[in-house]
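Everything on this sheet refers to the single structure shown next.
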């Protein structure tokens, strides 16, 4: 045993969850000082479970049966009290909403050091450093409730960095972050790790961001480690295909895979003219009084896909909600051109947002899909095709609320497709999707567009953007971003 | 540059020391509960003044302003026109409830969590109570976000599939929205507990603070004025 190892895991197995399924099997892993480890693999392969076991959350906070030995900085994890672990390990979770406790960004960064009883000058120094590293120093007094999803993610990371942990375990830190923020934060974290002998373990599907910083790659499958070695291996498209990873953007498998055919801008499904939007409560508009959307013109034609991109806090989600009719524009008009025969129910617009679980109303995945089926689709096997297409066949009898985040998102998209809407609006649809499921998603969307649907997607995911058609709209940083943010 | 809105709504104000604001709100509550008919109008005007003061450095939103305006109007009408009738009692109760709600909201919207925690620590409040209050506040904020998410999803589903027409379908919709809400809330509570533990939440010993508070002359004047007013109203 080397005393300098940040984390040493020997023969770790873990069972948890309502069905006590084996999430991890015979894992052996050592993380040394200064290492930047990229942990990847298909959804449900055990990445998050490994992070939770490595930080002692299983079985201390989340119930589960764990066997094997884990050592943190040379000390057995079992002998450390939970608050002692906080001095060694920092963990960021998938959902940033679930790790914010205080009302302002500055207080959020100070929360951990205050709990550890550090002196005030040191807290101030750590808070400033963490907020500068995450690009939040300029908006440090802003309310956390007023932040966009990506900004919340950065606030969560700042809260962990302020603790000054020697080992950082990050669960999908780059999801929903724009490219500049993701590269900047990961780069800073890597620099800190290299300079101070800290170690970083990043569990991530968007490996393109992480590969340039990673010193080691670990691929998991079915709860076991199946590859352990040089990160450059993931630059090979065949390697990625073998393990169901997302191919790097530059590889042959990562290039644009579907294009719109026969699209005519005269066949409009949705038009927006001079759309402006301001929230009556400034708190919701990312802390700014000015309009979140200013004079937006947009034409969405049938048989086309439109991608809306832009930095975190630029108003992508707000624009989607206005297009979906969930928010009324302050000025301007949104016109849904409803001459499609399929528009037999509702407004013909389906919207899948950040919290898809609230869309479900049935106790079984199969029944849920049935409840969304368009009347004309009931005669054929549309639901069956969708479950196959989006890899939901194995969860048909499960409760929609018992699904993982990725499965829940796939079900919501499948349900929206089953309704055969004229316009399908998706907000960050690829969050939590591995390479295989990203392919599934693209297949499903390609068929929808080919069948005459109009697709609008807001995303910062380069793996998704590079494979979508070129009809892209980029929002500026007017609403939430500022020069100081990034 | 931070614009004016950011100063009002995007960030907590710090004109008054949180301890002074706490004393102000507590005095107001005492007075609201204790004041008799003769002092109703004075109380209403005191509440309006407090609301105006808090609005200067916190953004209450339209609903709170409207609520307060209705309360002031109802209180004034009840005092002037209905005398001892039962409507006066109803209006008086409404005024008291509004004072409690608006006072609490003004306080929470104008005081940062860190400031509040530091103030409570300076008042020798036990660490467990301070942390519990922080966790509760985080959970309450989360609750609001979950409610927003549930409402938005219900509207999105209705936009796609149409609004449920029968009462049974509407009830089913409401039931499943509630089930989803509870399930997500439990999951959020679990993850928040884990996140708190990994940020030293359960560490024994003193908790320090980023904020260094200073109880100034203005704070002293406000507390003294509030205490005198509350004592007078309660005595009467």
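The values are calculated or read from the model by the stated rules, or taken from the named source; none is laboratory data. For clarity, every value in this text was computed on a predicted model and none was experimentally measured. Counting neighbours? That spans all protein chains shown, and the Cβs are built from the backbone with ideal geometry, glycine included.
Tell me which residues, restricted to region A:138-155, are more than 7 Å from chain B (Cβ to nearest Cβ) and at pLDDT below 90.
A:138, A:139, A:140, A:144, A:147, A:148, A:149, A:150, A:151, A:152, A:153, A:154
Which condition breaks for residue A:162 when tested against (1) in contact (Cβ under 8 Å) with a residue 60 or more places away in the chain; (2) crowded, with 24+ Cβ neighbours inside 10 Å?
That leaves (1) as the condition not met.
Conditions tested, residue by residue: (1) free of Cβ contacts under 8 Å to residues at least 24 places away in the same chain; (2) more than 9 Å from chain B (Cβ to nearest Cβ); (3) within 25 Å of residue B:187 (Cα to Cα).
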residue	(1), (2), (3)
A:45	no, yes, yes
A:51	no, yes, yes
A:72	no, yes, no
A:89	no, no, yes
A:96	no, yes, yes
A:99	no, no, yes
A:108	no, no, yes
A:121	yes, yes, no
A:129	no, yes, no
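Only one of these is under 23 Å from residue A:176 (Cα atoms) and surrounded by fewer than 19 Cβ atoms within 10 Å (Cβ to Cβ): A:132, A:142, A:81, A:75. Name it.
Of A:132, A:142, A:81, A:75, the one residue that is under 23 Å from residue A:176 (Cα atoms) and surrounded by fewer than 19 Cβ atoms within 10 Å (Cβ to Cβ) is A:132.
Each row is one residue, and each column tells you yes or no for (1) more than 9 Å from chain B (Cβ to nearest Cβ); (2) touching a residue at least 40 places away in the same chain (Cβ under 8 Å); (3) touching a strand residue (DSSP E or B) at 6+ places or on another chain (Cβ under 9 Å).
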| site | (1), (2), (3) |
| --- | --- |
| A:350 | no, yes, yes |
| A:360 | no, yes, no |
| A:391 | yes, yes, no |
| A:406 | yes, yes, no |
| A:416 | no, yes, yes |
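Tell me yes or no: at least one residue of region A:246-257 is in the same structural domain as residue A:33 (by TED's automatic domain parsing), surrounded by fewer than 23 Cβ atoms within 10 Å (Cβ to Cβ), at pLDDT 85 or above and not in a helix (DSSP H, G or I).
Scanning region A:246-257, I find no residue that is in the same structural domain as residue A:33 (by TED's automatic domain parsing), surrounded by fewer than 23 Cβ atoms within 10 Å (Cβ to Cβ), at pLDDT 85 or above and not in a helix (DSSP H, G or I), so the answer is no.
Exactly one condition in (1) surrounded by fewer than 20 Cβ atoms within 10 Å (Cβ to Cβ); (2) over 30 Å from residue A:241 (Cα atoms) is false for residue A:28; which is it?
(2)
For region A:41-158, which fully contained helices (runs of 4 or more DSSP H) count at least 1 residues that are in the same structural domain as residue A:174 (by TED's automatic domain parsing), in contact with a helix residue (DSSP H, G or I) (Cβ under 7 Å, 6 or more places away or on another chain) and under 30 Å from residue A:26 (Cβ atoms)?
Helices (runs of 4 or more DSSP H) meeting the threshold: A:47-54, A:57-60, A:82-88.
What residue, of A:52, A:11, is over 28 Å from the mean Cα position of the chain (by Cα) and either at pLDDT 90 or above or over 27 Å from residue A:211 (Cα atoms) (or both)? Show your work before the answer.
Details: A:52 fails: over 28 Å from the mean Cα position of the chain (by Cα).
After applying the criteria, what remains is A:11.
Provide a single number: the residues in region A:447-484 that are crowded, with 22+ Cβ neighbours inside 10 Å and at pLDDT below 65.
3
Hey, which of the helices (runs of 4 or more DSSP H) in region B:124-236, taking only ones fully inside, have at least 2 residues that are within 11 Å of chain A (Cβ to nearest Cβ) and under 30 Å from residue A:349 (Cα atoms)?
So the answer is B:127-161, B:167-197.
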